[in-house]
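Remarks on the structure that follows.
None of the figures in this text is laboratory data; all of them are computed from the coordinates on show. Bear in mind the structure is a predicted one, so any value in this text is a computation, not a measurement.
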């Protein structure tokens, strides 16, 4: 007669394993949240870079002035860079492209005007400007746009965040 021994976890072993798992999750969860936030910030930065480069490319290709602006409603330029970005030809105000931000970001533009205009040669109308993305602990990143239409990543140094609610400071 073969006697087989059943194998299982005791209640104490199971509770101990659950306790250990809950401690590990409590430690890992805040780091995961931070990782997700940083990922979203990077995705927004990459979208903005692509949108700016595409506008510059359209201006050169179409041989027309192309204006980028922020919009709260997706229809008119009002300097609110947190909801929509519009790409418009300046000669007939035709919208070439509309970009909707999925989450409201604390993004602001600091420049001579509240919009960016690319000439057919790829340069901007009125000198340098910078985009800043802010979070509760300060500036997440900044993109500097030169008069030649080139972008430079500025990290978190330099000018601070725009005042709350002001996207064109």
Report summary line: Per the C-alpha gyration tensor (a ≥ b ≥ c, the square roots of its eigenvalues), the stretch 53-121 is rounded if a/c is under 1.5, else prolate if a/b beats b/c, else oblate; here it's prolate
**Report entry** Answer label for Rg and Dmax of the Cα atoms in Å (calculated), chosen among [x] 24.6, 95; [y] 15.9, 48; [z] 17.0, 54
**Finding:** [x]
Report summary line: Candidates 55, 43, 140; GNM for the chain (alpha-carbon contacts under 10 Å) flags as most fluctuating 43
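Grab the DSSP H runs of the chain that are 4 residues or longer, score each as -39,500 (n - 2.57), total them, divide by all residues and round the 222 nm result to the nearest 500 deg cm²/dmol. Kindly include the intermediate steps, with their values, before the conclusion.
Working: 1 runs with 52 residues, N = 169.
Dividing the helical sum by the residues of the chain leaves -11500 deg cm²/dmol.
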**Report entry** Tilt relative to the chain, helix 11-62 - C-alpha long axis, 0 to 90 degrees, to 10
**Finding:** 20
**Report entry** Contact order relative to length of the stretch 13-153, as percent, for alpha carbon pairs under 8 angstrom and 6 or more apart
**Finding:** 17
